[in-house]
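Enquirer: Sharing a structure here in structure tokens format.
Only the coordinates and a few stated rules stand behind these numbers; no lab work does. Just so you know, these numbers come straight off a predicted model, no measurement behind them. Cβ atoms come from the backbone with ideal geometry, glycine included; neighbour counts cover every protein chain shown.
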Amino acid sequence: MSSLIGLYLKQYGWITLLSGVLLISLVIMSQILQNASSFAESYSALLFFTFGGVFILLIVLVRTLWNLYKQYKKRIPGIKITIRLTFLATLLMGLPTATIFYFSQSFIQQGINQWFDVKTETALENASTLVRITLDNKTRESLNRTLSTVKEEHDLLADSPIIGVNRLRNQLGAQEVSFYNTNQQLIAFSSPDGSDILPTPPGDNLFQQVRQKITYAAIETRPGATVPEKFIRVVVPITDSNINTPYVLQATFPIPSNITELDESVATASGQYKELSYLKAPLTTSFTLILTIVLLLTLLTSILFTIQAVQNFARPIRTLARGTKAISKGDYSIQMPVKEHDEFGELIVSFNDMTQRIAQARNEIKMGQHQAEVQKLYLQAIIQNLTSGVITLDMKQRIRTMNDAAKQILNTDLSPFIGYSLSEAVSTKHNEHLSELFSQITPHFDDPGQNWNLQKEFACKDGQKRLLIHGSTLPGIDTQTSGYVIVMDDITELVQAQLHAAWSDVARRLAHEIKNPLTPIQLSAERLNFKLHDKLQDKDQSLLTRMTQTIIEQVNTMQTLVQAFTDYANTPEVRLSRLDLNSLIKSIVDMYYDPKAPWQVKALLDPKMPFVAADGSRLRQLFHNLIKNALEATENQESGLIEIRTEIENAKQVKITVCDNGPGIPEQHKNWIFEPYATNKPKGTGLGLAVVRKIVDEHHGQIQLKSSPQQGTCFIIKLPLTSRERE
Amino acid sequence: MEQSARSFCFWSTFGKNLRAGLGIFLLLCLSCAGWASDEILIVRVSDYQNQRELLIDSESKFHLPEKVTAAIHHEIPLLFTTTIVLTESASFLGIKYQRTRRTIEYQTQLYAYGVNHHYVLYNTRNQNVQSFPTLDAALETLGTLQSFPIATLSELHPQQRYTIKMRIKLDYWKLPAPLIIDAMMDSDWRINSGWFETFLKTPQSWQ
């Protein structure tokens, strides 16, 4: 309770105090105007105080309105409702107040006018005239009686003033008679009770007047009396005819108390009426002014109260708006202060509770999302680093994701087509090589829930590849299937390795099983020719020679072939050492130098070429095989050109390129060009490039083929640097 | 904490507003004060000495506006304030200065009264009441000073130079309450003779 009172005093105290004081001041002013003379001295001070108070309230109101305007400009929450309610309340209060003011003002004017009606004024005027005439008559009568009596007792006064004044007083019925000479010296006086108190002499002006033989008679008020006491003063000149000396006689006559009272009453009433009639206009102005101040005070106080009340009312709304704004910006940590425990307070408490719950739920969702994100990244990293190509599709067979391995295997980047269907992806020219592959894959999606495997030959720019493709559906939350996953492995190298192993085995068997009988066959053929040559006729002799020669030639060929297979199968262990690659290549190129030949072997060597870890003899065989292969490829060219180029690939390896300007290798041969016995040439063993590849593999290097029809062929070999050269 | 700060801020603002308001009132008051008009003209102030006392005679003329005369006729009491200031001019180390030796201020109330319509002067200084049959007579008396004692000669120095200043003004703050607003608005009510200043001749005769 005390806190409520404290809050009220804090918010409304000063307005209440000031308004109360101003109201009291206005009441006092109103009382003063209605002739409360006890406070009359304070009227001007109260007037200024009231003006000041209203002025202060006006300033406060202007300031408050200005603050409201600034808040409106800043779009402070709740300001619009504050302004609207304030305007409404002002209108609701202002209109009745203005109406009351109008009628009150009219009543004041009419009322004040009615105070001063003509009849009252005439009656008071008549009463005043009546009293004045009565008193004038009495004064005149007193003068006349005094003059006549003085005329009768003139001699007595001159001879015996004391007796004279006594007789005169008795004859006139005067209150007091005094006798002066013109020097204002009292000669004699008479009072009813024989008092020794000297009479009040006429003033200098009266003596002067009387000296000029002018009589004086007037009603005067006795000075010093506590109650206004009026009397008639008559002053007449007397001249002693004997000695011709002027004297002054003063007689005072009492006015009956009833006449005095009536006179006073009429005078007072008339005076007050006159005063009021004069003050009619100022009084109206003053009352109108007070009424105006009351109106202003009422309106100002009401508006200030209303604004404060509406602001108090809107404060929880403002608080809630602030909270919702913060939440809309994502700040769920905000907690609104609960200042009052009313319905709004409960609302704010509920709001805080709701915010807290939302924040908690949001944190949990965030955590979940974060974990899912981590999991997703984890899986993405795994998928991305898989050597198997992975492509995921949605239910409508639109590409969702694909990893790098897929790009490498398919020899194309389908990332720009994420969100597009497979058919749309392969419709572009760049991806048309995928159409056949995907046309064989997509039918498997028609049977959801079934895993499927497929091994497929796939031709692309990198050459012919053999792919092992696995397919599966992806489980969904709402549906059984949310999409598909295609996992593909490039098993070309594996197949090639298997072939290589098989060919090695074949080579070993050939070397073992065929090589041994070849020499006896050759020797037998030679011996047969030697033994039978001379015993046969010319015709048969010639036939024998041709046949034995054929056997010997074919045996030689077979020996060469078997030797090649032996070399392929039984290659010695590589002995890696620091090798100056440029020197090796230069020495080999020099061997092929023949100015008369229609071909030319050129070396384009990088002078900064570092040492490599290699077996010199094996590399020599590699280059011989490649040069030989190139020479065979360019034998139909007018001027064959074979270039061997060395360059530093990066900090870890060097690149050796052996290029020719031959007809190039067809696309479909590229994959098996390194396979044993993969030659389309009439001569040769078909093991030259297979040996080359084997030597490269033994040096932990890589070999690539770059060839296009009529553009020549390049073999690109990358060999690692020695560890010292790397450093 | 925020509430108290807001409360302090409010009282600070309230204080500023109050000061501004009071400043305007003071300005208004100052504008009302010191107004000189020709409704009262101090014609003469003369000094002389009698029985070792400095006396003055003075004569003033009143030409009251019709509105004020009408107010008197309607028995509105008017309070005139007469102020007489005796100042001494002196110098100390070549620096001239003035000091007030005597200030005499008294009020005289003028009002009409009674069915005979007498005009009464009531001097608040000596409680004298004097009635006059006409307003002019009352105003003449109001504006006349005869043998008015200012100071004893022992209080004054014959070598110094003295100045007498005199002013008669209507104290309109003492008018009846309804008239005060009218008096504030209407210059007719601001009746003030202004300061009439004369040098004292009497000290020369002390020699």
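Enquirer: Per q in 0.23 Å⁻¹, report the Debye log10 I(q)/I(0) for region B:118-207, using one uniform scatterer on each alpha carbon and no solvent.
Expert: -1.24
Enquirer: Convert each backbone phi in region A:80-85 into a coupling constant with the Karplus relation 6.51 cos²θ - 1.76 cosθ + 1.60 (shift: θ = phi - 60°), then list the ³J(HN,Hα) values in order as whole Hz, x for Gly and Pro.
Expert: 5, 5, 4, 5, 5, 5
Enquirer: If you don't mind, there's one more thing I want to ask. Could you pull the Cα extents of region B:35-205 along its three principal axes, largest to smallest, in whole Å?
Expert: Principal-axis extents of the Cα atoms in region B:35-205, largest first: 59, 35, 23 Å.
Enquirer: Which GluC sites (Glu not before Pro) in region A:520-622 pass both tests, a DSSP loop state and at most 15 other beta-carbon atoms within 10 Å?
Expert: Here the sparse-neighbourhood loop sites are A:E573.
Enquirer: Let me have the 222 nm mean residue ellipticity of chain A computed from DSSP H runs of 4+ only, each contributing -39500 (n - 2.57), with the sum over all residues rounded to the nearest 500.
Expert: Values: 20 runs with 410 residues, N = 727.
For chain A, the value works out to -19500 deg cm²/dmol.
Enquirer: Then there is this: If you keep only loop residues by DSSP, which trypsin sites (Lys or Arg not before Pro) in region A:408-499 have at most 10 other Cβ atoms within 10 Å of their Cβ? Walk me through the numbers before you get to the answer.
Expert: Working: sites: A:K429, A:K456, A:K461, A:K465, A:R466; in loops: A:K461.
Sites meeting the loop and neighbour criteria: A:K461.
Enquirer: Quantify how strongly other chains surround peptide A:265-274 by giving the mean number of their Cβ atoms within 10 Å of each of its Cβ atoms.
Expert: Values: counts 0, 2, 7, 3, 0, 5, 10, 1, 2, 7.
Mean shielding count: 4.
Enquirer: Next up: Past 28 Å, Cα to Cα: identify those pairs from A:K655/A:K694; B:K174/B:K201; B:K96/B:K165, in the order given. Spell out each step's value before the answer.
Expert: Working: A:K655/A:K694 17 Å; B:K174/B:K201 36 Å; B:K96/B:K165 19 Å.
Flagged as over cut-off: B:K174/B:K201.
Enquirer: If you take the beta carbon distance between A:D331 and A:K407 as r and set R0 to 56 Å, what does 1/(1 + (r/R0)^6) give as a FRET efficiency, to the nearest 0.05?
Expert: On the way: r = 43 Å, r/R0 = 0.77.
Working from the Cβ atoms, E equals 0.85.
Enquirer: So for region A:91-231, if I pair up every lysine 8 or more residues apart or on another chain, how many of those pairs have alpha-carbons under 24 Å apart?
Expert: Details: A:K138/A:K151; A:K138/A:K213; A:K138/A:K230; A:K151/A:K213.
Qualifying lysine pairs in region A:91-231: 4.
Enquirer: Continuing with this model, one more query. Pairs to check: A:K608/A:K706; A:K596/A:K670; A:K407/A:K718; A:K465/A:K652; A:K407/A:K602; A:K396/A:K706. Give those whose C-alpha atoms are more than 30 Å from each other in this structure.
Expert: A:K596/A:K670; A:K407/A:K602; A:K396/A:K706
Enquirer: Could you give the Stokes-Einstein D for chain A in µm² per second, using the C-alpha Kirkwood radius, 37 °C, 0.692 mPa s? List each step's numbers first, then the result.
Expert: Working: Rh = 42.7 Å.
Estimated diffusion coefficient is 77 µm²/s.
Enquirer: Can you give the Rg and Dmax of region A:274-370 based on its C-alpha atoms, in angstrom?
Expert: 27.2, 98
Enquirer: Follow-up question, since we're still on this one. Can you give the Rg to Rh ratio of region A:497-569, both from alpha-carbon atoms, with Rh computed by the Kirkwood formula? Provide the component values of the computation, followed by the final result.
Expert: Working: Rg = 16.4 Å, Rh = 13.6 Å.
A ratio of 1.21.
Enquirer: For region B:42-118, which trypsin sites (Lys or Arg not before Pro) pass both filters: DSSP loop (anything but H, G, I, E, B) and at most 14 other C-beta atoms within 10 Å?
Expert: Numbers: sites: B:R44, B:R52, B:K61, B:K67, B:K96, B:R99, B:R101, B:R102; in loops: B:R52.
Counting only loop positions with at most 14 other Cβ atoms within 10 Å, the trypsin sites (Lys or Arg not before Pro) in region B:42-118 are B:R52.
Enquirer: Let me ask something additional. Please state, to two decimals, what the Cα-based radius of gyration of region A:446-572 comes to when divided by 2.2 N^0.38 Å (N = residues).
Expert: Working: Rg = 28.6 Å, N = 127, 2.2 N^0.38 = 13.9 Å.
Taking the Cα Rg and dividing by 2.2 N^0.38 Å, one obtains 2.07.
Enquirer: Then there is this: Taking the Cα centroid of region A:119-164 and of region B:174-193, what is the distance between the two, rounded to the nearest whole Å?
Expert: Spelled out, the Cα-based centre of one part sits 41 Å from the other.
Enquirer: In addition: Post the alpha-carbon centroid distance, region A:602-620 to region A:694-725, in whole angstrom.
Expert: 12
Enquirer: Another question, if that's okay. Using the count of nearby Cβ atoms within 10 Å as a rough guide to exposure, how do A:M558, B:M185 rank from fewest to most? Mind dumping the intermediate values first?
Expert: Values: A:M558 17, B:M185 11.
Placing the least packed residue first, the sequence is B:M185, A:M558.
Enquirer: Straight-line reach from A:K74: which lysines fall under 25 Å, measuring Cα to Cα and dropping same-chain residues less than 8 apart?
Expert: The reachable lysines, counting only those whose Cα sits under 25 Å from A:K74, are A:K325, A:K329, A:K339.
Enquirer: Additional query: For chain A, take the longest principal axis of its alpha carbons; what is the angle in degrees between that and the long axis of helix A:2-33, to the nearest 10 within 0 to 90?
Expert: 30
Enquirer: Right, here's the next one. Region A:385-466: percent of C-alpha pairs farther apart than 14 Å?
Expert: Values: 2138 of 3321 pairs.
For region A:385-466, the fraction of Cα-Cα distances above 14 Å is 64 percent.
Enquirer: What is the order of A:V248, A:V177, fewest Cβ neighbours within 10 Å to most? All intermediate terms of the calculation are to be shown ahead of the outcome.
Expert: Working: A:V248 26, A:V177 29.
Result, fewest neighbours first: A:V248, A:V177.
Enquirer: Cross-link candidates for A:K515: which aspartates and glutamates have Cα within less than 14 Å, leaving aside residues fewer than 8 places away along the same chain?
Expert: Within the straight-line cut-off, A:K515 pairs with A:D567.
Enquirer: Can you compute 3J(HN,Hα) from phi for each residue in region A:92-105, using the Karplus curve 6.51 cos²θ - 1.76 cosθ + 1.60 with θ = phi - 60°, rounded to whole Hz and x for Gly and Pro?
Expert: Using θ = phi - 60°, the values come out as 5, 8, x, 5, x, 5, 5, 5, 4, 4, 4, 5, 4, 5 Hz.
Enquirer: Net charge near A:T392: determine it from the other residues with C-beta under 13 Å of the C-beta of A:T392, scoring Lys and Arg +1 and Asp and Glu -1. Numbers along the way, then the final one.
Expert: On the way: positive: A:K376, A:K396, A:R398, A:R400; negative: A:D394.
So the environment of A:T392 carries a net charge of +3.
Enquirer: Counting other beta carbons within 10 Å of each residue's own, what order do A:S388, A:S286 fall into, fewest first? Provide the component values of the computation, followed by the final result.
Expert: Numbers: A:S388 17, A:S286 25.
Starting with the residue having the fewest Cβ neighbours, the order is A:S388, A:S286.
Enquirer: By DSSP, what percent of the beta bridges with both residues in chain A are antiparallel, rounded to the nearest 5? Each step should come with its number before you reach the end.
Expert: Details: 79 of 85 bridges.
Of those bridges, close to 95 percent are antiparallel.
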